[in-house]
Amino acid sequence: MLVAHIADTHLGAMQYGVESREVDVYECFREAVAKMLEEHVRVVLHSGDTFHSPRPSIRALKVFQEELKKLRDSGIKVYAIPGGHDMLRRRGLSPLALFDYLGLVMLSRKNPVVKRDDLIIAGVEYIPAAFKGDLLSQLARIEAVVRGECGRRRILLLHQALREAYPPAYELSLREMPRCFNYYALGHIHQSRVINVGDLTAAYPGAIEFFDVQEVVKGGSRGFYIVDISTREPELHFIELESVRPQLVYRVGYERLASEKERILAEVYKLSSRKKPVIHLRVVGRGIERGRVDRLVVKPLSKH
């Protein structure tokens, strides 16, 4: 059985307040759904942060509705958990709850385990590190329900940072994970990575676009996983999205700005993307004149 594993779509996000960047995110999401349909997946797993805000714009809701309908009409079931961006700080419904009429199944502490045919899918919403005890108790509750289901393939959805994936700030470690699942579909970390320890396979597909300059610096592709869970060990294939807008990062000394200008422009002109790149330029030094920076670099780049 093929399933698609996606996370951190952040529909409605608008980098630098620029509308075209919001549109970029929608284009990436539409491309992802189109590729899922091409791959003939039976199930889509969304591991949190579907939206960038717990009160998404009408536009963000409409895009999600349109794409979810395409999946529904193709007989593809969608399971999702709320990430931190999908939830109000005070207890309340996630916007994901609006889409049950299109067949979306939202997993949470109120509905943590779903059984369908030969598959069990479990998950809970994002739980901050300050409430780790609650997180562990929710996982123990899920494990108690799932452990006896040896005849079915079992998948756990979480929107948490693992210590093994992101040591600076994590909520959970592998040794604290329930061991009764075949695949751990994770979200929250925006770089794609697969963690294999013994018979445990956990994966972060990463975000579908770059949302800030630090993500650009870290690099990596943007996309999602196609996972074959019919084998004893899940087989993962990363699908890279072509709609991602290129971004370049430069740190230039003010005294070398004139000489570096041609190199920067040459790199911009070499890009083959149909989209103009986002350029992050940090000029360092003393006596910086904004007008000179604009004349030398910003205006030539804006004409590209």
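The values are calculated or read from the model by the stated rules, or taken from the named source; none is laboratory data. Worth saying up front: this structure is predicted, and the values here are computed from it rather than measured. No Cβ is skipped: glycine too gets one built from the backbone with ideal geometry, and neighbour counts run over all protein chains shown. The accessibility values were calculated without ligands, DNA or RNA, using every heavy atom of the protein model including side chains. Shrake-Rupley method; radii C 1.70, N 1.55, O 1.52, S 1.80 Å.
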- Considering only the chain, percent of DSSP beta bridges that pair antiparallel, nearest 5: 40
- Task: Would you calculate the volume per residue, in Å³, of the smallest convex hull containing every Cα atom of the stretch 191-274?
- Result: 119
- Message: Rounded to the nearest 10 Å², what accessible area does GLU262 have for a 1.4 Å probe in the complete protein model?
- Response: 110
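So what is the relative contact order of the chain, in percent, for Cα pairs below 8 Å that sit 6 or more residues apart? All intermediate terms of the calculation are to be shown ahead of the outcome.
On the way: 597 pairs, mean separation 51.7, N = 304.
17 percent.
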- Length released on extending from ASP117 to LYS70, taking residue separation times 0.36 nm less the Cα-Cα span: 14.7 nm
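Under 25 °C and 0.890 mPa s, how fast does the stretch 79-124 diffuse according to Stokes-Einstein, given a Kirkwood radius computed over C-alpha pairs? Answer in µm²/s, whole number.
Details: Rh = 11.3 Å.
Answer, rounded: 217 µm²/s.
Kindly give Rg over Rh for the stretch 38-160, based on alpha-carbon atoms, with the Kirkwood expression for the hydrodynamic radius. Mind dumping the intermediate values first?
On the way: Rg = 14.8 Å, Rh = 15.2 Å.
Using Cα coordinates only, the ratio equals 0.97.
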- Query: Using Cα atoms only, what is the angle between the long axis of helix 132-146 and the major principal axis of the chain, expressed in degrees (0 to 90) to the nearest 10?
  - Reply: 50
- Taking the convex hull of the alpha-carbon atoms of the chain and averaging its shadow over every direction gives an area in square nanometres of 17.7
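For the stretch 156-207, which GluC sites (Glu not before Pro) are in a loop by DSSP, counting at most 16 other Cβ atoms within 10 Å?
Numbers: sites: GLU164, GLU171, GLU176; in loops: GLU164, GLU171.
Here the sparse-neighbourhood loop sites are GLU164.
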- Message: Under the √(5λ) rule applied to the eigenvalues of the Cα gyration tensor, what semi-axes describe the equivalent ellipsoid of the stretch 134-222? Give them in Å, descending.
- Response: 27, 14, 11
- Using heavy-atom solvent-accessible surface (probe 1.4 Å) with all chains present, what is the largest-first order of TYR101, TYR170? TYR101, TYR170
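Taking every DSSP beta bridge that has both residues in the stretch 104-239, what percent is antiparallel when rounded to the nearest 5?
55
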- Message: At 1.4 Å probe size, what's the solvent-accessible area of LYS132? Round to the nearest 10 Å².
- Response: 60
- Determine ³J(HN,Hα), in whole Hz, for all residues of the stretch 148-156 in sequence, where each value follows from phi through the Karplus function 6.51 cos²θ - 1.76 cosθ + 1.60 and θ = phi - 60°; x replaces Gly and Pro. x, 8, 6, x, 10, 6, 10, 10, 10
- Computed over the chain: longest principal axis from alpha-carbon atoms vs helix 19-38 long axis, angle to nearest 10 degrees, is 40
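When DSSP assigns beta bridges and you keep just the ones with both residues in the stretch 1-157, what percent turn out antiparallel, to the nearest 5? Let's see the in-between values first.
Values: 5 of 21 bridges.
Within the stretch 1-157, antiparallel bridges account for around 25 percent of the total.
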- Message: Given a 1.4 angstrom probe, what's the average accessible area per residue across the chain, in square angstrom?
- Response: 49
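Which order do the peptides 221-229, 44-52 take when ranked by the mean count of other beta-carbon atoms within 10 Å per residue, highest first?
On the way: 221-229: 21.7, 44-52: 26.4.
Result, highest mean Cβ count within 10 Å first: 44-52, 221-229.
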- Could you sort 75-86, 235-246 so that the peptide with the highest average Cβ count within 10 Å comes first and the rest follow in order? 75-86, 235-246
- C-alpha long axis of helix 58-73 to longest principal axis of the chain, angle in °: 50
